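*Asks:* Got a structure for you, written out below as structure tokens; questions coming shortly.
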Amino acid sequence: NGLVALGMCLLFACQPPKKEGAPLENDTTGFPWDIPQTRPDRPLSEAMDRLYSDYRTPRPEDNELYSSFAYTPLEGFDYHDGDGTVSRRDPSKVIFENGQYYVWYTKRDTQTPPVGWGNADQSTEVIPSTDWDLAEIWYATSKDGFRWEERGVAVSRPDKPAVGWRSVSTPDVLKFGGKYYLYYQGFMEASGKKGDHCPVTASYADSPDGPWTPVGKIVVENGEPGTWDQYSIHDPYPLVYKGKIYLYYKAAFGDRPDYLVANGLAIADNPLGPFEKHPLNPVLNSSHETAYFPFEEGIATLVTRNGNESNTIQYAPDGVNFKIAAVSALLPLAAGPYVPDAFDSQANGRGITWGLCHFTNYGNDWGKDYSVLARFDCDLSLDLDDKKLKQTQT
Ligand code: AAL
């Protein structure tokens, strides 16, 4: 054993010291063994070229916009033993007010589980078609982001024929000029029929605890017939960026089920509009229930579930022209991150470390299911000691 150890020592002692960034011995590519941070001065293949042109750093571990995701069940929500009559989904972003975290979400509490998208004809005034039919917007608070207390309804369904009489769902929150605004989808017909062709409406309040006053009108209009967002304005997601309200939303070329999901941007000076759609819309060619957050001088986004660029984290230095910054896996669906600087970013966004998301399809038939809220944790923040966090994750 002693001899073997001595031999090993001699072997190591005889090795030339490794030089940072030096090419491998016998390496004919001329490519240094340690991936350089700067582009090598030689022609590159398409793939290696992308490494330097499309991503923020050649190595994911150096890229502030790369993260994996951890998930934790939440405490404090009752799901009626999972019988499908109660569902919570599509959480808003999380905000911190009055010493606690707040979140708003779609809650369905119906006599029966949904009959399913394909059976929408069987829905009634009390029997839901899909998971988000006959829903209301509820809210919950938490001191630590894990244990939540459901506080009650924030926005209920107004009487017919007001916007949202059939269902109000998929909220997000804005704080602006000392007031709070909830933006959400207002259904005028059951989902699964033509109800999903819905626009966005809003309510406002002086306190995150309400009471909420519905504006009773459409705030972000569907596009003109023939345009990409003619059918729906879904998943509204407001941020304050460069002093204006940037409201991102999902729409689709075509109608379900043959549709291509994309995301657009509408900008306003005032929370209740008028919202002007960006001339370059759509600004994302993929993604469902998309989350956005200020990052450095621009906006970053989690691109999930639908489209060619699903499972990417993208970045737009101007909030408009997004490019893939990182490719990851198991991204949170319908993420509502805690975005500390969502409403006062001065082109110095700090990123995110956690939020709420949902898990759907607790059932065996699409749309005939219930959903639960969960917490996700990630490292998409400039404030974390990245290296330390990543070491503990590996
Ligand atoms: C979600 C969201 C919107 C849709 C429905 C409820 O995935 O995109 O909110 O309308 O499904």
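*Asks:* Being at pLDDT below 95 and of a type in the set (A, V, I, L, M, F, W, C) narrows it down to one of TRP117, TRP104, so name that one.
*Replies:* TRP117
*Asks:* Going by the structure shown, is ILE267 open to solvent by less than 10 Å² (accessible area, probe 1.4 Å), under 21 Å from the mean Cα position of the chain (by Cα) and more than 16 Å from the ligand (Cβ to nearest atom)?
*Replies:* no
*Asks:* Give segment 88-130 a look and list any residue that's of a type in the set (Asp, Glu) and farther than 14 Å from GLN185 by Cα, or say none.
*Replies:* Selection gives GLU97, ASP109, ASP121, GLU125.
*Asks:* Which condition number in (1) touching a His at 6+ places or on another chain (Cβ under 7 Å); (2) open to solvent by 10 Å² or more (accessible area, probe 1.4 Å) is the one that VAL261 fails?
*Replies:* Evaluating VAL261 over (1) touching a His at 6+ places or on another chain (Cβ under 7 Å); (2) open to solvent by 10 Å² or more (accessible area, probe 1.4 Å) leaves (2) as the failure.
*Asks:* Scan the strands (runs of 3 or more DSSP E) fully inside segment 128-232 and keep the ones with 2 or more residues being open to solvent by 20 Å² or more (accessible area, probe 1.4 Å) and within 15 Å of the ligand (Cβ to nearest atom).
*Replies:* Here the list reads 136-142.
Matching residues to (1) open to solvent by less than 30 Å² (accessible area, probe 1.4 Å); (2) under 26 Å from TYR183 (Cβ atoms); (3) in contact with a Gly (Cβ under 8 Å, 6 or more places away or on another chain):
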residue: ARG50; (1), (2), (3): no, no, no
residue: ARG56; (1), (2), (3): no, no, no
residue: THR85; (1), (2), (3): yes, no, no
residue: PRO91; (1), (2), (3): yes, yes, yes
residue: GLY99; (1), (2), (3): no, yes, no
residue: LYS107; (1), (2), (3): yes, yes, no
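*Asks:* So LEU302 passes all but one of these: (1) over 30 Å from PRO113 (Cβ atoms); (2) buried (at least 22 other Cβ atoms within 10 Å of the Cβ). Which condition number does it fail?
*Replies:* (1)
*Asks:* Then there is this: Going through PHE187, PHE176 one at a time, which residue ends up being at pLDDT 95 or above and closer than 21 Å to PRO337 by Cα?
*Replies:* PHE176
*Asks:* Can you tell me how many residues within segment 84-93 are on the phi < 0 side of the Ramachandran plot and in contact with a Pro (Cβ under 7 Å, 6 or more places away or on another chain)?
*Replies:* Going through segment 84-93 one residue at a time, the tally reaches 3.
*Asks:* Of ASP196, ASP229, ASP209, ASP235, which residue is touching a residue at least 12 places away in the same chain (Cβ under 8 Å) and farther than 20 Å from ALA334 by Cβ? Show your work before the answer.
*Replies:* Numbers: ASP196 fails: farther than 20 Å from ALA334 by Cβ; ASP229 fails: farther than 20 Å from ALA334 by Cβ; ASP235 fails: farther than 20 Å from ALA334 by Cβ.
ASP209 is the lone residue from the list that is touching a residue at least 12 places away in the same chain (Cβ under 8 Å) and farther than 20 Å from ALA334 by Cβ.
The values are calculated or read from the model by the stated rules, or taken from the named source; none is laboratory data. If you're wondering where the values come from, they're calculated on a predicted model, not measured in any experiment. Using ideal geometry, Cβ is built from the backbone for each residue, glycine included, and neighbour counts are taken over all protein chains shown. Just the protein is used for accessible areas: all its heavy atoms, side chains included, with ligands, DNA and RNA removed. Shrake-Rupley method; radii C 1.70, N 1.55, O 1.52, S 1.80 Å.
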